[in-house]
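Below is one structure, written out as structure tokens; the observations come after it.
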Amino acid sequence: GWSGGCAGTSTSCTFTMSAATSVRALFSLINPPSGGGAPPPSPPPSSGSVKISEVMAGSSASAEYEFIELYNAGGSAVDLTGWSIKKKTSSGTEYSLLVASRLDGKSVPAGKYFLAVNGGGYNGAVTADVTWATSNTLAYTNNSIVLNDANGSVVEEVSSADIPKHESYERQSWD
């Protein structure tokens, strides 16, 4: 569903901006992959874009067991050189999470996933494509993850009021 400038559960969000406006896509919590949660949604239709597909903000064993999974819905690879991922607090302050230099030369193949992890705490079965500095961490409550392209434009922003320890925040729909 949608909140902010759009509301409801329609498959798209269209509105006219007359002032600075926030729009948020809402997700449902599920168990992490190791917890036997619901299977991920079917891949989105090809739209030529990279989307945030899942966020893990720490486990009961380690607050640094964090990851952000991206998905390339397009028909060709997307070069992530110059891209970045930031954490944004509820007050609007942004902090670098995954700096652009760590994504230099990295790409997401068409129809594939890309895993970014906290280099100091992630020990999952899936091999990470890139790590971020241990000193950069996610938070369990009232934050957003902001994916920026090489031009600094926001590609996607995912917000959460609460991500309980040892549960991931996974996209349930590509709409």
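Just a few scattered comments:
- The range 135-162 residues that are of a type in the set (Phe, Trp, Tyr), paired with ones that are surrounded by fewer than 16 Cβ atoms within 10 Å (Cβ to Cβ) (beta carbon under 9 Å, 6 or more apart): Tyr140/Asp162; Tyr140/Pro164; Tyr140/Lys165
- Restricting attention to the range 78-112, the residues that are of a type in the set (Gly, Ala, Ser) and open to solvent by less than 50 Å² (accessible area, probe 1.4 Å) add up to 6.
- Residue in the range 42-63 that is modelled with the lowest pLDDT, counting only those that are over 20 Å from Gly124 (Cβ atoms) and open to solvent by less than 50 Å² (accessible area, probe 1.4 Å): Pro44
- Taken together, the residues in the range 119-167 that are open to solvent by less than 30 Å² (accessible area, probe 1.4 Å) and touching a Ser or Thr at 6+ places or on another chain (Cβ under 7 Å) amount to 6.
- Residues within the range 129-162 that are aliphatic (A, V, I, L, M), in a loop (DSSP other than H, G, I, E, B) and under 20 Å from Gly82 (Cβ atoms), tallied: 2
- When Tyr71 is tested against the conditions (1) modelled with pLDDT of 90 or more; (2) out of contact with any Pro (no Cβ under 9 Å at 6 or more places or on another chain), the lone failure is (2).
- Scanning the range 133-150 for residues that are at pLDDT below 90 and either touching a strand residue (DSSP E or B) at 6+ places or on another chain (Cβ under 7 Å) or farther than 16 Å from Leu97 by Cα (or both) turns up Thr134, Asn136, Thr137, Leu138, Ala139, Tyr140, Thr141, Asn142, Asn143, Ser144, Ile145.
The values are calculated or read from the model by the stated rules, or taken from the named source; none is laboratory data. Everything numeric here is computed off the predicted structure, so don't read it as measured data. As a convention, Cβ positions derive from the backbone with ideal geometry for all residues, glycine included, and neighbour counts pool all protein chains shown. Remember, those area values only see protein heavy atoms, side chains included, never the ligands or the DNA or RNA. Shrake-Rupley method; radii C 1.70, N 1.55, O 1.52, S 1.80 Å.
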